[in-house]
Amino acid sequence: MKYPYFPGCTLYTKAKKLDDAGRECSRRLGFELDELPDWTCCGATFPLVNDYHIAMSGPTRILADTKDQGGSQLVTLCSVCFNVLKRTNVVMRTDEERRQKITDFIERDYHGEVEVLHYLQVLRDEIGFEQLREKVVKPLTDLKVACYYGCLLLRPVKEIGLDVMENPTIFEDFVRALGAEPVDFPYKIECCGAFQVVHSMETATRCSRDILANARLNGADLVITTCPLCHFNLDDRQPEIRKGDPRFQTVPVLYFTQLLALALGLDAAELGFERNLIDPLPLLREKGLA
Amino acid sequence: MAQQNFLAEVMAASGQPINLCYQCRKCTLGCPMAEEFDFPPNMVMRMVQLGMKDELLRSKAIWMCVSCETCGTRCPNGIKTAPVMDVLREACLREGVTPADPVTVDFHRSFTDSIRKFGRVHEATMLLSYKLKTKNFTGDLDVGLKLFLRGKIPLLPKKAKNLNKIKDIFKKSDL
């Protein structure tokens, strides 16, 4: 099976390892991510003002390109891109007036024909978590994982439709399929502080501290995420959190595709962990995974 | 009358039934940013109802909201706060009010500039442009530097191929 694939800007730069591991795993699981031949930024923010359409021109062009190349689905790995593309697609499907304005503006014909999928949905709905379990070559036994969803993968639930709002389980089911143990983690849907980190680091530090401390409190060995910005905040804020609270125990933060890659037998040395501020390798060695 | 108009305008632009808010404060209790807002989300709703336009457009709250949508998902009256905040941010810029938090505006502009130039976002040049706009060379320069040292940000941007079309869209949109 071949899926049109939209990596997004950050997966070419900061979150290269989210992309690399995702592509390699897809090959091992028997599906292909076929990158759109030319793509632009999705805009990274879905516009919420009713008569503001320009921010939807980017994602609509991406969706129209997918359709023109004969694609009926479009897969993304990044939570931000997923959120923007999915919500834009809902507008294109359901709001005649806005669709007309946007398609006239970018001079393209698009009616929301493409289905936007997150990589996790491909694993759950197309491959199946049971089948995934059978393809695991190195089960992640004894590894306790905090599944951090954040905001954009879930909300708003009506438009995104990936899982329920207050207690989603797709990520936990994924982790179980890999042989690891998901921990009970009430902060899994809290915000990490997002782009506020750029000008108010204290805000991002506070939000990240609450999330990570809650993960630790519930026995997590590591945290996984799908979002490059969450990854940045959660990983990068830890020295600062420690300054404020010397008792704080650091915790490695991984992209979910890196965890998947480990379970599918990729060597930990190839997964780019040198880019993590909090090095997961000592933990992985201790668990016999590296 | 002005009060009624403001409420009606914000309701129309955001598509949210703000008149239904009865101050249960569920939005504020779940808000990750509320403790740093000058007006918490429930108060913002009340202020819109009361037509307190000037105070709202000058508030810090509208720039601190990160659109995490927790409030909107939980509101018993189906009011989404994030679109209301977006409408207020837009009104602030449109009416020439000085934003209470100008650095956020600079950041968003740097982001858009990056798309205009490359068709994609390139963190290094974006952070540099943001630094030049804010003239603050300490703070998160640290963030940028750390990213470079750990090889997360390539030095040169990768451009999209059909840049002319992107430029046309920006030209048409007057951004």
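The values are calculated or read from the model by the stated rules, or taken from the named source; none is laboratory data. In this text, all values refer to a predicted model and were calculated from it rather than measured experimentally. Virtual Cβ from ideal backbone geometry, glycine too; neighbours counted across all protein chains shown.
Residue-wise test of (1) under 20 Å from the mean Cα position of the chain (by Cα); (2) under 23 Å from residue A:13 (Cβ atoms).
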site	(1), (2)
A:195	yes, yes
A:204	yes, yes
A:213	no, no
A:238	no, yes
> When only residues in segment A:15-43 that are of a type in the set (Asp, Glu) and more than 14 Å from chain B (Cβ to nearest Cβ) count, which is farthest from residue A:5 (Cα to Cα)?
Replying inline: A:24
> Pick from A:140, A:162: which is more than 11 Å from chain B (Cβ to nearest Cβ), touching a Gly at 6+ places or on another chain (Cβ under 8 Å) and either assigned to a loop (DSSP other than H, G, I, E, B) or at pLDDT below 95 (or both)?
Replying inline: A:140
> Hey, among A:6, A:46, A:82, which residue is aromatic (Phe, Trp, Tyr), touching a strand residue (DSSP E or B) at 6+ places or on another chain (Cβ under 6 Å) and within 13 Å of another protein chain (Cβ to nearest Cβ)?
Replying inline: A:6
> Can you name the condition, by its number, that residue A:100 falls short on among (1) within 12 Å of chain B (Cβ to nearest Cβ); (2) farther than 22 Å from residue A:33 by Cβ?
Replying inline: (1)
> If you take just the helices (runs of 4 or more DSSP H) that sit entirely in segment A:171-290, which of them hold at least 1 residues that are touching a residue at least 12 places away in the same chain (Cβ under 8 Å) and hydroxyl-bearing (Ser, Thr, Tyr)?
Replying inline: A:201-217, A:256-263
> Does at least one position in segment B:10-24 carry a residue that is assigned to a loop (DSSP other than H, G, I, E, B) and within 13 Å of another protein chain (Cβ to nearest Cβ)?
Replying inline: yes
>> Which of the helices (runs of 4 or more DSSP H) found entirely inside segment B:49-118 contain at least 2 residues meeting this: hydroxyl-bearing (Ser, Thr, Tyr) and within 22 Å of residue B:35 (Cα to Cα)?
In response: B:70-74
>> Cβ contacts < 9 Å: first residue more than 9 Å from chain A (Cβ to nearest Cβ) and closer than 9 Å to residue B:64 by Cβ, restricted to segment B:25-37; second residue outside any helix (DSSP H, G or I) and polar (S, T, N, Q), any location; separation 6+ or different chain. Result?
In response: B:37/B:59
> Is it true that residue A:134 is surrounded by fewer than 18 Cβ atoms within 10 Å (Cβ to Cβ), within 30 Å of residue A:268 (Cβ to Cβ) and in contact (Cβ under 8 Å) with a residue 12 or more places away in the chain?
Replying inline: no
> Taking segment A:80-116 as the region of interest, how many residues are of a type in the set (Lys, Arg), closer than 21 Å to residue A:154 by Cβ and not in a helix (DSSP H, G or I)?
Replying inline: 0
> With respect to residue A:143, is the statement that it is under 14 Å from the mean Cα position of the chain (by Cα) and in the same structural domain as residue A:229 (by TED's automatic domain parsing) true?
Replying inline: no
>> Considering only residues that are more than 22 Å from residue A:265 (Cβ to Cβ) and part of a helix (DSSP H, G or I), which ones fall in segment A:1-26?
In response: A:9, A:10, A:11, A:12
> Does segment A:32-42 contain any residue that is in the same structural domain as residue A:113 (by TED's automatic domain parsing) and touching a Cys at 6+ places or on another chain (Cβ under 7 Å)?
Replying inline: yes
